[in-house]
Amino acid sequence: MIATIARKEFIEMLRDGRFRWAASIVLALLAIALLAGAYYQRELVAQQRAAQAPEQARWYAQEPKNPHAAAHYGLYAFKPRLAPAFLDPGSNPIRAWPSGWRRTSRMKCCIGLEKTRRWRSVSAN
Amino acid sequence: MLSAEGLIKRFNGIAAVDGLSLTVGRGEIFALLGPNGAGKTTTINCFLGFVAPDRGRATVGGVDVAMYPRETKRVLAYIPEQVNLYSHFSGLENLSYFSELAGARHREETLRGFLAEAELQKEAHDRRVTGYSKGMRQKVGIAIALAKDAKALLLDEPTSGLDPSASHEFSVLLRRFAMRGAAVLMATHDLFRAKDVAARVGIMRHGRLAHTFTAAELSDTDLEKLYLETMQA
């Protein structure tokens, strides 16, 4: 009997003009929000790339250095913003972004374990 | 099938039904006449189990309504003055829904058969009931009673507001329903329709059954005269 009543209520709700209008408006708002979010995401990624490109060019253009001196230099990079972030950017989109990212590969030396930990702690915060 | 024995029901100390006793047998139509406030609806509500009598008892098929309301509801059908149906559904869907609630699942052809038996036009079966007239709604009510295979039918002012043709059509349906062996108790203001359709007629006043007689006993004029005399007494 409960199933009969539930089925009746569901069909009645679908046929109710008020429900159809409300559902249409909600779906339209959702579509607009998704489009706006996608546009914002694309704009932001483009701005990040534009901001990062000169810094990257400067980094690659520098002369080779010895590992000790290289450890004092770094490259600013933006944390990658993944596609789902436009639906839910997380608790705080500003925190740890951009981060100082020390890069040593150009200087042919490995980044130390301590620096890796530091990067992780910066990312986590 | 329907029996009231010394039924008393008071509201705030005022007796709506005051020692009413009546019986309606299988295949019989009993019409209750009376003015507003005579206790007709309260009597019907006692049979339906909507109202518990203060004294006396109402029984359906020998089963006390107050003690076994669910069991008695299974064999009862009720048609109020305005049959409320679900407006987003067609007549057929309403019939199917109410039948299922009553525990009777029927195939679509069977349901259409009940609607046809209740003389609802075929083209209205699949139309939403928002466009139904009062008479059409009453027919769906009869179809629900048929689908439920009700042993007793209670009606409260079913013909008020119906045009003479629809009222006559409804009387024919009631007679046909009673011929299936069901007891029919109808409260009405319509003297002519009561005499036309019922085998027995009762006139209620102040919660009491003032007169009971067979419809054949009195002419329309005599019935009107007796009714007016009862009201003025």
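Does A:Ala3 satisfy the condition of being out of contact with any Cys (no Cβ under 9 Å at 6 or more places or on another chain), more than 14 Å from every other protein chain (Cβ to nearest Cβ) and in a helix (DSSP H, G or I)? It is false that A:Ala3 is out of contact with any Cys (no Cβ under 9 Å at 6 or more places or on another chain), more than 14 Å from every other protein chain (Cβ to nearest Cβ) and in a helix (DSSP H, G or I). Going through segment B:94-117 one residue at a time, which ones are without any contact (Cβ under 8 Å) to a residue 24 or more places away in the chain and within 14 Å of chain A (Cβ to nearest Cβ)? If the condition is that a residue be without any contact (Cβ under 8 Å) to a residue 24 or more places away in the chain and within 14 Å of chain A (Cβ to nearest Cβ), then B:Ser96, B:Tyr97, B:Glu100, B:Leu101, B:Arg105 are the ones that fit. For residues in segment B:1-54 being over 13 Å from B:Ala187 (Cβ atoms) and charged (D, E, K, R), which is nearest to the chain's Cα centre (by Cα)? Among them, the one singled out is B:Glu28.
Throughout, read-outs are computed from the coordinates displayed, never taken from laboratory work. Small disclaimer: the values here were computed from a predicted structure and weren't measured. Every residue, glycine as well, gets a Cβ built from its backbone with ideal geometry; the counts of neighbours run over all protein chains shown.
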